[in-house]
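*Asks:* Here you go, one structure.
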Amino acid sequence: MARIKYENQGISVYMLAWPVCCILWLNPGLQSGSVPYFSGRTADIRMGEASGDTLSPALLFTRADADKIMGEPTRLTDSSFKAAPEGSSYLCGYQANSKDSVTGRTGAIYFLFEQYKDISGARIKFESIYASNKPYGAEKVSSLGDEAYYHTDKQNFDFIMVRKGNYVFNMKVNKRTSTTSLNEFKKVAGRIAASV
């Protein structure tokens, strides 16, 4: 089948399946930007199918989560899945629908979920990122997953990375606004860590 590019509200979607194109074209409700990235697979990809694990990372972090953390309505700006020999990853990003009147910024949040073939790969990833950010204020968090750390500049961004078994996930608020909720950020990170 041919590869088709669909663009809507600044989001490019590539599809390999003709029926998917018809569904998007005929159903305006699906054209709202809530449709995940397609590249022969939906973003609701099941990770770890070979091991019997059917975790769906696109369901771990949703637009509702982004809205709560950002304290205002958001829209999906990025969603992709990648498979590699060492594991697989899912990335999504949400941006506020409008500029914050207090800070003049448009808030955004990003979620990255990675599954490694073994725990040692996940540990190496976590430790290397933590080590590179420790000199700039990254602090270990003892109550999430097997290991976690939080990093912020208290002005522009909040970042958390959690490793649990062979899974690693990050959440990053980039362009903190007056409505950004650190409390919701922590709640969502805790819920995701408990879910994997």
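Only the coordinates and a few stated rules stand behind these numbers; no lab work does. What you see is a predicted model, and the numbers here were worked out from it, not measured in a lab. Reconstructed Cβ throughout: ideal geometry from the backbone, glycine too, with neighbour counts over all protein chains shown.
*Asks:* Please report Arg176, Arg75, Arg191 as a ranked list, fewest other C-beta atoms within 10 angstrom at the top and most at the bottom.
*Replies:* Arg191, Arg75, Arg176
*Asks:* Placing +1 on the Cβ of each Lys and Arg and -1 on the Cβ of each Asp and Glu in the range 70-161, which of Ala96, Ser143, Ala84 has its Cα farthest towards the positive end of the resulting dipole?
*Replies:* Of the listed residues, the answer is Ala96.
*Asks:* Can I ask one more? Show me the three semi-axes of the equivalent ellipsoid for the range 89-196, from the C-alpha gyration tensor (sqrt of 5 times each eigenvalue), largest first, rounded to whole Å.
*Replies:* 26, 15, 12
*Asks:* Let me ask something additional. Please report the relative contact order for the range 121-196, taking Cα pairs under 8 Å with a sequence separation of at least 6, and give it as a percent rounded to a whole number.
*Replies:* Dividing the mean separation by the residue count of the range 121-196 yields 24 percent.
*Asks:* What ranking, highest mean first, results for peptides 58-65, 86-93 when packing means the other Cβ atoms within 10 Å averaged over each residue?
*Replies:* Most protected by this proxy first, the peptides run 86-93, 58-65.
*Asks:* For the range 120-174, which chymotrypsin sites (Phe, Trp or Tyr not before Pro) are both in a DSSP coil and crowded by at most 14 other Cβ atoms within 10 Å?
*Replies:* Here no chymotrypsin sites (Phe, Trp or Tyr not before Pro) fit, given the DSSP loop and packing criteria.
*Asks:* Residue by residue through the range 185-193, what is 3J(HN,Hα) from phi via Karplus (6.51 cos²θ - 1.76 cosθ + 1.60, θ = phi - 60°)? Round to whole Hz and write x for glycine and proline.
*Replies:* Coupling constants for the range 185-193: 4, 5, 4, 5, 4, x, 5, 5, 4 Hz.
*Asks:* When Ile129, Ile192 are ordered from fewest to most other Cβ atoms inside 10 Å of their Cβ, what list results?
*Replies:* The order, fewest Cβ neighbours first, is Ile129, Ile192.
*Asks:* Would you mind checking the radius of gyration and Dmax of the range 98-151 based on alpha-carbon positions, in Å?
*Replies:* For the range 98-151, the Cα-based Rg and Dmax read 15.3, 46 Å.
*Asks:* Excluding residues fewer than 8 places away in the same chain, name every one of the lysines whose C-alpha is closer than 23 Å to that of Lys117.
*Replies:* Output for Lys117: Lys82, Lys125, Lys164.
*Asks:* Cα atoms only: what Rg and Dmax, in Å, come out for the range 61-142?
*Replies:* 15.9, 46
*Asks:* Further question: So how far apart, in nm, are the two label points at Ser132 and Thr77 if each is 7 Å from Cα heading toward Cβ?
*Replies:* Those two pseudo-labels are separated by 2.1 nm.
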